[in-house]
Amino acid sequence: MANKKLKVAIVCDWLLGTGGAERVVYELHKLYPEAPIYTSQYDSNPKIWYGYNWFEGADIRTTKLQKLPKSLKKFMPVLRALTFPRIDLSEYDLVISSSGAEAKSVHTQAKTLHICYCHSPTHYYWQRYEQYIKRPGFPHGTNWLAKIGLRLLVSPLRAWDRHAAKQPDIMIANSTHTQEAIKKYYRRESSVIFPPVDIERFKLRGAAQDRHGFVVAGRQAPYKRIDLAVQACTKLKLPLVVIGNGPEHKQLEKLAGRNVTFLTSVSDEDLPKHFSSSLALIFPTNTEDFGITPIEAMAAGTPVIAYRKGGPQDYIQPNKTGLFFDKLTVSSLAQTLEHFNPNRYDPKEISAFSENFSAAKFRERMTKLVEQSLKESGS
């Protein structure tokens, strides 16, 4: 392949927001700007891209699912499972799929090197299956039918997902937690490359700010366990700023004492300011495969207090970048908050540590892995 230009394609499950998965695709697009991006659906509305379109000018190729109405959203997993294997990418030398669902199942030939950057084994078949069974999220009055359908379909869909996970030649995990899950559910080995975080946007700058109270940020959904932060800080009468909104918002307000402040519409410009003026970010969820928000807080020099499970185990170093609490209970978190001493932490050291998760580091590690894999495959 030395005398031939490498033909590359990028594949992802969907491009419908500005989350961690979309940023991975964005950074892959930077590495291979001429590579077409194959995806099920794409929302190009600049408003959802924080004022600019990450993929402006990119060759984005959507499937027939692009035209389906939002009312069919809940059926998308099955529809994507039927659609992605029909995408024939056998003409390419290198295919990189960014997938936590069905994109990894695209069709390639033996000559194609397929590298999958796996965000997680498909949540609704494996680690979060019970959550989806309890709350399918279908229109009112039809959840009972959805639960029956999910229970009937989960076995064949798990078999399909395992088969799809055999398609890539190489698997990359976004954390050691995901690496373990890939081995458990897909029975495959993988390398770890941490996802890209926008460190520059949150990076600590200028003189040290006065820090006061704690902060928790994210969608206010049950699995995020923001209720633990609200109740623990209320119990200890510690100042807490709750940033975000969601279905649990009213319930969280009922749990909160006067020391808790809710901010439902914090701008992109103001979020770093809230992180850099807080003693610590509380990250109470047990479902994050990696967790971008804690790294953003660290870039602002802010330590993180997190539940000892999942992604945080890759970046929290006790008494250096944060602390763990060991049980998903108010008392366990409260005990850790009582032992938290902000004077032990150096904001500059924490901010410097966050550079290990920068977009530049991601591109560097991906480039090295791709080049080594192409060399080993003889491409």
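The values are calculated or read from the model by the stated rules, or taken from the named source; none is laboratory data. Everything numeric here is computed off the predicted structure, so don't read it as measured data. Here Cβ is always computed from backbone atoms with ideal geometry, including for glycine, and neighbour counts include all displayed protein chains.
Observations on the model:
- The number of residues in segment 278-325 being among the hydroxyl-bearing types (Ser, Thr, Tyr), in a loop (DSSP other than H, G, I, E, B) and under 15 Å from PHE340 (Cβ atoms) comes to 3.
- Hey, ASP227 assigned to a loop (DSSP other than H, G, I, E, B) and in contact (Cβ under 8 Å) with a residue 12 or more places away in the chain or not: no
- When MET171 is tested against (1) without any contact (Cβ under 8 Å) to a residue 60 or more places away in the chain; (2) surrounded by fewer than 20 Cβ atoms within 10 Å (Cβ to Cβ), only condition (2) is not met.
- For THR321, the test of being of a type in the set (Val, Ile, Thr), closer than 19 Å to ALA229 by Cβ, touching a residue at least 60 places away in the same chain (Cβ under 8 Å) and not assigned by TED's automatic domain parsing to the domain that holds HIS177 is failed.
- Residue-level analysis places LEU281 outside the set of residues that are closer than 20 Å to PRO303 by Cβ and at pLDDT below 95.
- Test set (1) at pLDDT below 95; (2) of a type outside the set (Asp, Glu); (3) surrounded by 20 or more Cβ atoms within 10 Å (Cβ to Cβ) - ALA221 fails condition number: (3)
- Counted residues, segment 324-346 - those being within 29 Å of LYS203 (Cα to Cα) and out of contact with any helix residue (DSSP H, G or I) (no Cβ under 8 Å at 6 or more places or on another chain): 9
- Condition check for LYS254: charged (D, E, K, R), modelled with pLDDT of 95 or more, over 29 Å from TYR124 (Cα atoms) and not in a loop (DSSP other than H, G, I, E, B): yes
- One residue stands out among those in segment 326-379 that are of a type in the set (Ser, Thr, Tyr) and not in a helix (DSSP H, G or I): the one that is nearest to HIS29 (Cα to Cα), which is SER358.
- Test result for VAL230, touching a Ser or Thr at 6+ places or on another chain (Cβ under 6 Å), in the same structural domain as ALA334 (by TED's automatic domain parsing) and surrounded by 15 or more Cβ atoms within 10 Å (Cβ to Cβ): no
- Count of segment 245-272 residues, restricted to those that are in contact with a strand residue (DSSP E or B) (Cβ under 6 Å, 6 or more places away or on another chain) and closer than 25 Å to GLU338 by Cα, is 4.
- The residue pairs whose first member lies in segment 89-112 and is assigned to a strand (DSSP E or B), whose second member is of a type in the set (Lys, Arg), and whose beta carbons are closer than 7 Å, counting only pairs six or more residues apart or on different chains, are SER97/LYS104.
- Boolean, LYS111 is farther than 22 Å from GLN179 by Cβ, at pLDDT below 70 and not hydroxyl-bearing (Ser, Thr, Tyr): no
- When every residue of segment 317-328 is checked against the conditions, at least one turns out to be of a type in the set (Ser, Thr, Tyr) and more than 18 Å from the chain's Cα centre (by Cα).
- Taking the criterion of being in a loop (DSSP other than H, G, I, E, B), among the small types (Gly, Ala, Ser) and under 23 Å from SER377 (Cβ atoms), the residues of segment 1-44 that qualify are ALA2, ALA35.
- Here PRO195 meets each of (1) more than 24 Å from ARG23 (Cβ to Cβ); (2) in a loop (DSSP other than H, G, I, E, B) with one exception, condition (1).
- Checking SER278 against (1) of a type in the set (Ser, Thr, Tyr); (2) farther than 30 Å from VAL8 by Cβ; (3) surrounded by fewer than 16 Cβ atoms within 10 Å (Cβ to Cβ), the condition it does not meet: (3)
- Note on segment 308-330: among residues that are of a type in the set (A, V, I, L, M, F, W, C) and over 24 Å from LYS348 (Cβ atoms), the one that is surrounded by the most Cβ atoms within 10 Å (Cβ to Cβ) is PHE325.
- Given (1) of a type in the set (Val, Ile, Thr); (2) crowded, with 18+ Cβ neighbours inside 10 Å; (3) assigned by TED's automatic domain parsing to the domain that holds GLU364, index of the condition VAL192 fails: (2)
- Residue check for ARG80: at pLDDT below 95, part of a helix (DSSP H, G or I) and under 15 Å from VAL106 (Cβ atoms): yes
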